């Protein structure tokens, strides 16, 4: 058989002043029920939630608790907050120290530079794209760069290789 139980809870509106923000239901409603034990044996519950009426809204100043660390400047936006980090710090709340380019994240000859928010940006060579210049967007073999007509061209990120027939070199 199947046991069906209906649980009803009221969610009180928080007493916080500031801007109205939409939040996902999961962040407001969290069940405290993990299972029933009618005979000492745990029966797991499958919970479903429903909301009727107007959309939930929370109020709050997302910079009130100073989430930005290491001298970062907080700016509230519709989704929460954004931190403008001091030089040498990066991360959502400026929690990471050091320079982002120290780990050499850019691939295939890309040039790493620190962005305005303290993270890194890769300036990619022509024919490459992606966060770390990992995507080859240009097939150099299409312009037939190999000198011998029987050579086989292999496209590489930002480059190409020519495989010559056995009797040829170069």
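The values are calculated or read from the model by the stated rules, or taken from the named source; none is laboratory data. Computed from a predicted model, the values in this text were never measured in an experiment. Counting neighbours? That spans all protein chains shown, and the Cβs are built from the backbone with ideal geometry, glycine included.
Here are the numbers for the structure shown:
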item: Selected residue [over 21 Å from the mean Cα position of the chain (by Cα) and touching a residue at least 40 places away in the same chain (Cβ under 8 Å)] from 139, 144, 65, 108; result: 108
item: Conditions (1) at pLDDT 90 or above; (2) touching a strand residue (DSSP E or B) at 6+ places or on another chain (Cβ under 6 Å); (3) not in a strand (DSSP E or B): number failed by residue 125; result: (2)
item: The stretch 89-117 - residue that is under 14 Å from residue 68 (Cβ atoms) and either outside any loop (DSSP other than H, G, I, E, B) or in contact with a strand residue (DSSP E or B) (Cβ under 6 Å, 6 or more places away or on another chain) (or both) and, of those, modelled with the highest pLDDT; result: 93
item: Residue within the stretch 70-91 that is within 30 Å of residue 155 (Cβ to Cβ) and either loosely packed, with under 12 Cβ neighbours inside 10 Å or over 18 Å from the mean Cα position of the chain (by Cα) (or both) present; result: no
